[in-house]
Structures are given as C-alpha cells and as structure tokens.
Number of protein chains: 2
Amino acid sequence: MSKKKIVVDLSTEEKIIDAARKVFTKKGYAATRTRDIAEEADINLALLNYYFRSKEKLFHIIMVERLDKFFGVIQPVISDENTSLEQKMEKITEKYIDLLLANHDLSIFVLSEIRNAPDTFFNLAHHRQAFIESVLIKQLQERKPDTNPHHILLNLLGMIIFPFLSAALFKSSTHEQQDFESLMLERKKLIPKWVKMML
Amino acid sequence: MSKKKIVVDLSTEEKIIDAARKVFTKKGYAATRTRDIAEEADINLALLNYYFRSKEKLFHIIMVERLDKFFGVIQPVISDENTSLEQKMEKITEKYIDLLLANHDLSIFVLSEIRNAPDTFFNLAHHRQAFIESVLIKQLQERKPDTNPHHILLNLLGMIIFPFLSAALFKSSTHEQQDFESLMLERKKLIPKWVKMML
DNA sequence: GTCTATATTCCGATAGAC
DNA sequence: GTCTATCGGAATATAGAC
C-alpha cells in the first residue's frame, strides 16, 4: 500500500521512464510503439515527446541504464585486488543469478538490441575495456598461463546467463516457472564448483 | 565462378527467400522492412507480395527453417541409442560450433525472435519434446541420478552458444574477428573435456 | 504541463498496365 | 511474371488551445 502510494506520486517523467524500461525491455526497440509506452505510463502520448523529444532519445536513456545494470554487478568484483580467483567466481555467480532472477529479460534485451546499433552509439567501449584490463583476467593468466583466459570467462558467463536467454525455448507452461527458479538457485552453488574444476 | 552462375540462375522465389533469410536474421522481424528484402533480392517490391502474400507469411517460412537448422544439428545426436554420453558431448560440441561459425547470428536470431511470438505460432513444442524425451537426458539421469540432468545440458549448450550470443559485446574491431574464430576452434576440443569433468 | 487534433513520414499491400 | 504508381493504414512527432 505504501508501495502504491509511491507509484501514484511518481512524476510524469519518472512514469514515462519506468514504462519505457518495461516495454522496451520486453519487446525491443523496433517492436515497441510510443503509444505502448504512453499507455503503460498512463499518460498522454504527446507528453512523451514533450519530455524526451523522440523515441530514439528515450531508448538511448533506457539502453545506457540497462547496460550499466548488466555490467554493473560484476564490474566491482572483477576489479577487486583483494579477492582470490575462487572468491570472484563465487561472487559473480551469486550476484549475477540474483540480478537475472529479478530481471528475467535483461540479458536477452541487451544482447539482441546491441546487434544492430553502431559500435559507438552507446559507449560499450568502456565496459569492454573494464573486462579486458580486469584483475580477474590477470589472475586467470597467472593461474593458467597456457590457456586463453577468455575461455574460462566465457564458460562462467555462459553457464550463468545462457539459461535465462534460452528460458523461452525450454519452458512452455507458466507452471514450469517455479521449476526454473529453483533450478537457478541450485546453480548458484553448483556453477562455482564446476568452474573451479577448470582451473 | 560457377558459384556466381548459380546465383544468377536462381528463380525469383528463391532470390526472395535468400534475401529474406539474410535480412530477417540480421535485423529481426520488427526492424526489417519488406523494401529491404526486395532490394537485397534485387527484385521489385510487388513481387514479394505476389509470391508470399505478406511479410508475416514470409517470415514464418524463414523462422521455421531457421529453427530446424538450429535444432537439427543436435536432434539426431541426442536421440542416438548407440553412442555413449561422452561421445554425444563431443558430437554436439563439434557439430554446433561448426554450425554457428558458418551462421554467426543464427542463435541470437532464434532466441530473440521467440520471446514475443505466441507459444504455438511456430511448432516449438516438438523441438522441446525431442529434448525432454531424448536418450541424452536418460543417460544423464542414469549417470548422475542425484542431479537434475538439465544442469549439464545447460552447461554444455551455454559454453557452446553463449560466445556467439555475446560476440557483439566483446569484440569491437573486425580485426578481432579472426581471434574469435580461432578461439571457437579451440573450444571444440576443450568443451568436451570440461563437461566430462562434471559427470 | 497536459490535453486534442493534426501534420508528416513511413511502410505493407494492391491495382492495373505490359 | 514483372513492373510503376498509388492506396490506406499505422506510427512518430508537433501545433495550438487550455
């Protein structure tokens, strides 16, 4: 109920942002109509352009925000000088699965929207850079000098993220929704074990 | 040169299908304009509707074809009664990586187009069924009766497919294109080793 | 700031000549 | 079967009153 009050009290600008995040994330840029967003925000269509000028500008705001969320969970972990490789694996798995359980379609959104956008449209470069120069990569190189550190990173992220990307494929009924969630909770404990075996 | 001759000799219908596959796969249904397809096929826009009635019908054809390709590689492998678990892991890895190297954006296309489509629009059900009732799942259950077989399957597919899904994120310049390909070739040998450790 | 009404552009689809 | 021309609808964006 206090929750509802908060929602009602949102400024128009915030209502539009919230609605845009929801609709864009679910349907993607091209399939989203500004009318969908206006309806979801419960505001007049003209207000969307009054506040954000264009669909593209509004999308850009949402996309940058989503990218920050997608990369933000692991960024502090991978650049931590004071934790071991093993601790990093555990942290990344736990944080990431929690994030994706709370934001089911975040990863499919990020990955599918990036494919057309020109390289520079969002500033992806600095996210990428953070990975390449991370402490995590250095630690992997020290531990296994003979194998490309990206292999382990791809394995870790693949095991974490792929289930969410493919969920639409493998679960049909909503009844299986619960099964999916408990499976992911199991994976929080299992994935670090599997990855450690690769080191 | 004989290749070029073949292209020139394609029927109009085939030219449209080829162009539709290319454009839909790259941009997705919503972002694709029928004009893009016509231009890519080097034919008149009206011909597209003459042969296929509508954008949606044409897309349906492409989508079913892409789904068959995406699932077709592993379907015979997972239902083979005469191969061991280990042999199946090796086959799946090899066939899948080869497929994805030849069709870089196949997986991101399939996964992102499915999210909005109603469950029944393409017949996904039988692909799903083939997985659930596969020999592979049975073998996993026998080998590790205490753990959900889907874990291992998600790990295998995640390690194989995720690199292709995230490629746009991690490689910026086209120069890194070659690095990516050789990394994937390495993974053909490494992934089966990692997965076997989980058994 | 918010609304109604409308301008404008874009896109899927078709009519009709050849 | 293939083309040109165009229709009709949908979607983004704006004008102008309140």
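Just to verify a result, which residue in segment A:23-72, among those that are more than 10 Å from DNA strand C (Cβ to nearest atom) and outside any helix (DSSP H, G or I), is surrounded by the most Cβ atoms within 10 Å (Cβ to Cβ)? Ranking the qualifying residues of segment A:23-72, first place goes to A:Gly28.
Based on what the data block shows, is A:Leu101 assigned by TED's automatic domain parsing to the domain that holds A:Gln177, on the phi < 0 side of the Ramachandran plot and buried (at least 18 other Cβ atoms within 10 Å of the Cβ)? So A:Leu101 does not fit the description; no. Tell me yes or no: at least one residue of segment A:87-103 is within 7 Å of chain B (Cβ to nearest Cβ) and over 15 Å from the mean Cα position of the chain (by Cα). Within segment A:87-103 (the criterion being within 7 Å of chain B (Cβ to nearest Cβ) and over 15 Å from the mean Cα position of the chain (by Cα)), the answer is no, since none of the residues qualifies.
Screening A:Lys88, A:Lys95 for residues that are without any contact (Cβ under 8 Å) to a residue 24 or more places away in the chain, of a type in the set (D, E, K, R) and away from DNA strand D (no atom under 16 Å from the Cβ) leaves exactly one candidate, A:Lys95. Under the condition of being part of a helix (DSSP H, G or I) and β-branched (Val, Ile, Thr), which residue from segment B:160-175 is nearest to the other protein chains (Cβ to nearest Cβ)? The extreme case among them is B:Ile161. In this structure, does A:Ala41 turn out to be within 16 Å of DNA strand D (Cβ to nearest atom) and hydrophobic (A, V, I, L, M, F, W, C)? Yes; evaluated as a whole, the condition is true for this residue. Restricting A:Ser107, A:Ser134, A:Ser112 to residues that are hydroxyl-bearing (Ser, Thr, Tyr), surrounded by 20 or more Cβ atoms within 10 Å (Cβ to Cβ), closer than 30 Å to A:Leu183 by Cβ and more than 16 Å from the chain's Cα centre (by Cα) narrows the list to A:Ser134.
Within segment A:128-159, the set of residues being part of a helix (DSSP H, G or I) and within 8 Å of chain B (Cβ to nearest Cβ) comprises A:Arg128, A:Phe131, A:His150, A:His151, A:Leu154, A:Asn155, A:Leu157, A:Gly158, A:Met159.
The values are calculated or read from the model by the stated rules, or taken from the named source; none is laboratory data. Every value quoted in this text rests on a predicted model; they were computed, and no experiment measured them. A quick note on method: Cβ atoms are made from the backbone with ideal geometry, for glycine too, and the neighbour counts reach across all protein chains shown.
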